[in-house]
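Let me begin by presenting the structure, written as structure tokens, before commenting on it.
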Amino acid sequence: MALQYAGVQVEHREIELRNKPQSMLRLSPKGTVPVLCIDGLVLDQSIDIMQWALKASDPDGWSDLDESIAQAWIKKNDELFKSLLDQYKYPNRHSELDQAVVLADAMELLLKPMEVALGASKYLLGNKMTWVDVAIFPFIRQFMMVDQQRFAKLPLPHVQRWLRQHMESELFISVMDKHPAWRD
């Protein structure tokens, strides 16, 4: 989304994670996605790609924010919530865990604080979208997609509004085209 927003043209290569092409692994031996390779620069972290794109172009000022507050949201999401998302998405891999407990932990850790923030303003850091909204949105979307009916019943009307707003946005829709898996 940040690349599209910044007007950065890229050749999209869809990666099948069970069959990673050698060309990708040569660029990024970690074997994770996304990977951006541009003019010899290889970035293999979403946040790094977003920051790079926003340095190239940030027409609506997504980077005009309090960096310490932004980093606090990212830390909650990246260091703690992603693990809960994995446990929630793949209960068969975490059969020792009670899904109700995982959901309660996710609510306390990130979803309820988001609900409070979004009850006070349209976006996580105020009344203007920032890169933090775009960085966290895909993970909340994944969480919602695990059990959409259950998510709809959670006491999160502001989070649900924010999520719908992103999912229905022209920006999101413009990057959701399906691509065939890349083969070397």
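No value in this document is a laboratory result; all are computed from the given coordinates. Note that this is a predicted model, so its numbers are computed, not measured. Cβ: placed from backbone, ideal geometry, glycine included. Neighbour counts: every protein chain shown.
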Of the peptides 110-123, 19-32, how do they stack up when ordered by the mean number of other Cβ atoms within 10 Å, highest first?
-> 110-123, 19-32
Sorted largest first, the Cα spans of region 84-160 on the principal axes come out in Å as 41, 22, 20
Let me know the shape class of region 45-106, please: from the alpha-carbon gyration tensor, a ≥ b ≥ c as square roots of the eigenvalues, rounded when a/c is under 1.5, otherwise prolate if a/b is greater than b/c, or oblate.
-> prolate
Helix-derived mean residue ellipticity, 222 nm - over the chain, DSSP H n ≥ 4, -39500 (n - 2.57), to 500 = -14500 deg cm²/dmol
Cβ density ranking, 10 Å radius, fewest first, applied to M129, M176 yields M176, M129
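Extension gain M145-A181, at 0.36 nm per residue separation less the Cα-Cα distance, in nm?
In short, 10.7 nm is gained.
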Is any residue of region 100-116 close enough, with backbone N under 17 Å, to a label point placed 7 angstrom from the Cα of S83 along the Cα-Cβ axis, and if so, which?
-> 101-111
Net charge of neighbours whose Cβ lies under 14 Å from the Cβ of L97, counting Lys and Arg as +1 and Asp and Glu as -1 | -2
For the chain, shape from the Cα gyration tensor axes a ≥ b ≥ c, cut at a/c of 1.5 then a/b versus b/c, turns out oblate
Lysines near K122 by alpha-carbon distance under 28 Å, same-chain residues fewer than 8 away left out - which ones?
-> K55, K75, K76, K82, K89, K112, K153
Work out the FRET efficiency for L17 and L109 from their Cβ-Cβ distance, taking R0 = 22 Å, and round it to the nearest 0.05.
-> 0.25
Where Lys and Arg each count +1 and Asp and Glu each count -1, what net charge lies around Q142 among other residues with Cβ under 12 Å from its Cβ?
-> +1
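Could you please rank I140, I173, placing first whichever residue has the fewest other Cβ atoms within 10 Å of its Cβ? Could you put the intermediate results ahead of the total?
Values: I140 24, I173 10.
Result, fewest neighbours first: I173, I140.
Taking the Cα centre as origin and putting +1 on Lys and Arg beta-carbons and -1 on Asp and Glu beta-carbons, what dipole magnitude results for region 2-60, to the nearest 20 debye?
320
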